[in-house]
1. Can you report the number of residues in region 283-318 which are of a type outside the set (Lys, Arg), within 28 Å of residue 518 (Cβ to Cβ) and in contact with an Asp or Glu (Cβ under 7 Å, 6 or more places away or on another chain)?
2. Scan 523, 536 and give me the residue that is at pLDDT below 95, among the small types (Gly, Ala, Ser) and over 25 Å from the mean Cα position of the chain (by Cα).
3. Given (1) in a loop (DSSP other than H, G, I, E, B); (2) modelled with pLDDT of 95 or more, where does residue 348 come up short, assuming only one miss?
4. Do we find a residue being in the same structural domain as residue 169 (by TED's automatic domain parsing), of a type in the set (A, V, I, L, M) and within 23 Å of the chain's Cα centre (by Cα) anywhere in region 15-29?
5. Could you tell me whether any residue of region 28-41 is of a type in the set (Lys, Arg) and in a loop (DSSP other than H, G, I, E, B)?
6. Are any residues in region 300-312 away from ligand 1 (no atom under 16 Å from the Cβ), under 23 Å from residue 221 (Cα atoms) and surrounded by 24 or more Cβ atoms within 10 Å (Cβ to Cβ), and if so, which ones?
7. Pick from region 367-402 the residues that are of a type in the set (Asp, Glu) and crowded, with 24+ Cβ neighbours inside 10 Å: which of them is farthest from ligand 1 (Cβ to nearest atom)?
8. Under 6 Å between Cβ atoms, at least 6 apart or on separate chains: pull out the pairs that start in region 536-565 with a residue that is over 15 Å from residue 432 (Cα atoms) and end on any residue that is among the acidic types (Asp, Glu).
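The values are calculated or read from the model by the stated rules, or taken from the named source; none is laboratory data. Since this is a predicted model, take the numbers as computed values, not measurements. In this analysis, Cβ positions are derived from the backbone assuming ideal geometry, glycine residues included, and neighbour counts consider all displayed protein chains.
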Amino acid sequence: MSFPVKEIKTTPYDGQKPGTSGLRKRVKVFQQEHYTENFVQAIFDSVDAKDQTLVIGGDGRYFSPETVQTILKIGSANGVAKFIVGHNAILSTPAASNIIRKYKAYGGILLTASHNPGGPNNDFGIKYNMSNGGPAPEEVTNKIYAKTKSISSYKVIESDPVDLSKIGSFTYGPTKVDIIDSVKDYVELLESIFDFDLIQSFLLTNSDNFKVLFDGMHGVTGPYGRAIFVDKLGLPPSSVQNAVPLPDFGGGHPDPNLTYAHELVENVESRNIQFGAASDGDGDRNMIYGKGAFVTPSDSVAIIADWAEEAIPYFKNGVKGLARSMPTSKQIEYVAKKKGLTCYEVPTGWKFFGNLMDAGKLSICGEESFGTGSDHIREKDGVWAVVAWLNIIAFANKKSPNQLVGIKELLQKHYALYGRSFFSRYDYEEVSSEGAQKLVDNINEHITKDSLLKTTHESKSTGQSFTVSETVNFDYTDPVDGSVSKNQGQIIRFSDGSRVVFRLSGTGSQGATVRMYVERYVAPEKGAAVLNGDTAEGLKGLIEVALEISKLKEFLGREKPTVIT
Ligand code: G6P
Ligand code: ZN
């Protein structure tokens, strides 16, 4: 049987340039005539998926089911042999990465705008991943962008839509379509990594004094969380909240941080819960929060790296290397140094880790932006991080059976050994692009002229003084493929080892977002009272100085940040 391919005339749209993690725009933008079709055809014009298998999934946000049908239509007309599609269009980003790798697919198309709000008036996104399960490199996304600028038609097969609610094998024109269970393969993957028996027995023995609460934030991870925490680990159903994925995330902002995951924070505090965790819309981010103990992501990855080899079966043959993104604090470096491991410093964006993993140089890595993961897949992995923490806690308690070791105890033990990099990030969201540019230009001028070098700045409120020792723009040369990424953030270093970084966000969908990252190291000798102190207190003086040097308030016209993490 032959299937007529129809060619539909179109004209290019401006601005279909994929950002850090694919093309993200308002739903209304994607709903314009031919807009989504153009971008999907541009993908097929840029990657040779003829006769290949592709995975389709996403975080279930508004406009996903329609887009799956669009991809089937266009993909089939472009000769794709088989699509593996998540049940009801759902696959978390880590689950999709796993499916691509496990079933040796050619690549995958992920329908997500990650942690951005969803619904008819919010964001949608389309992201292409490669056969290694990781986000497409710039070389590919640039090609896709170039194609969107010259597109004049796209191809479709006309066939009835596939019913995404039915698991099984179907045909779509000349193409095979497998609708698969969204959760099963991922649960199997985690079972092959962690010591589920140990975690389960710890949770069972301590069911009265160690309670767990996982918040799916109405994103994609609810069903994954329920399968793992309730069905596998035997926790009560009340251990998961907001666990039904909703197309608009229940009207919330599905980003696991102290601001947007406040419901989790409040419940943990008021219900005396020892272990709280949340994941974002598409399931690749995570936040770990115990009663009175927020784990900053920079510490989270350092602690996982510290315990991995002895506690987590997947790493029992050794950890190959560690890595952090540049703005992430140096906490993981102290661990690397002690263990004699290399710690790479890459620009913001998970794809940079992927190259190192493919080359066998990297096992565990993380970003301050609530991303933590390992080389089990090529995306960061929210639920993986949560189970890693539970595995480590279960193991630590086996080692010291006489005292309950929770999140707070693990943190304090870690600081006592390595010292602590106090870390915080200030976000100024949706500021004017001109203001943001002026801020960047001003710091760049300082960098070029060395005009801040050796200047000393005193904090009025704390009396601390900070002397600038270096100002630099972060450039990166990939040690694997030699590719160069320039201007990845502006760093101001101080003589006591503290630093401040300024960076423009690459993931927003409107205006500009300025991020200011501050970090100050305190050595173990300073003692527990200082080491275990409050982050805001520990960074107060440095933040004051950073704001003064950068003239941030002046340029952005903002007295306060929108979000502090
Ligand atoms: C996405 C990427 C992360 C990255 C983050 C940066 O979540 O997957 O790897 O850290 O974006 O976002 P930003 O808004 O700071 O550019
Ligand atoms: Zn995400």
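1. Going residue by residue through region 283-318, those that are of a type outside the set (Lys, Arg) are 283-284, 286-290, 292-315, 317-318.
After this cut, where a residue has to be within 28 Å of residue 518 (Cβ to Cβ) as well, the list is 284, 286-290, 292-308.
Within this subset, residues satisfying the condition of being in contact with an Asp or Glu (Cβ under 7 Å, 6 or more places away or on another chain) are 284, 297-298.
Here the count works out to 3.
2. Values: 536 fails: over 25 Å from the mean Cα position of the chain (by Cα).
Criteria check complete, one pass: 523.
3. Exception for residue 348: condition (2).
4. yes
5. Taking region 28-41 as the starting set, the residues that turn out to be of a type in the set (Lys, Arg) are 28.
Now restrict to residues that are in a loop (DSSP other than H, G, I, E, B): none.
Checking region 28-41: not a single residue is of a type in the set (Lys, Arg) and in a loop (DSSP other than H, G, I, E, B).
6. We begin by selecting, within region 300-312, every residue away from ligand 1 (no atom under 16 Å from the Cβ); these are 302-312.
Those still in the list that are under 23 Å from residue 221 (Cα atoms) too: 304, 312.
Once the filter is applied, which keeps residues that are away from ligand 1 (no atom under 16 Å from the Cβ), under 23 Å from residue 221 (Cα atoms) and surrounded by 24 or more Cβ atoms within 10 Å (Cβ to Cβ), region 300-312 yields only 304.
7. 381
8. Close Cβ pairs satisfying both conditions: 563/427.
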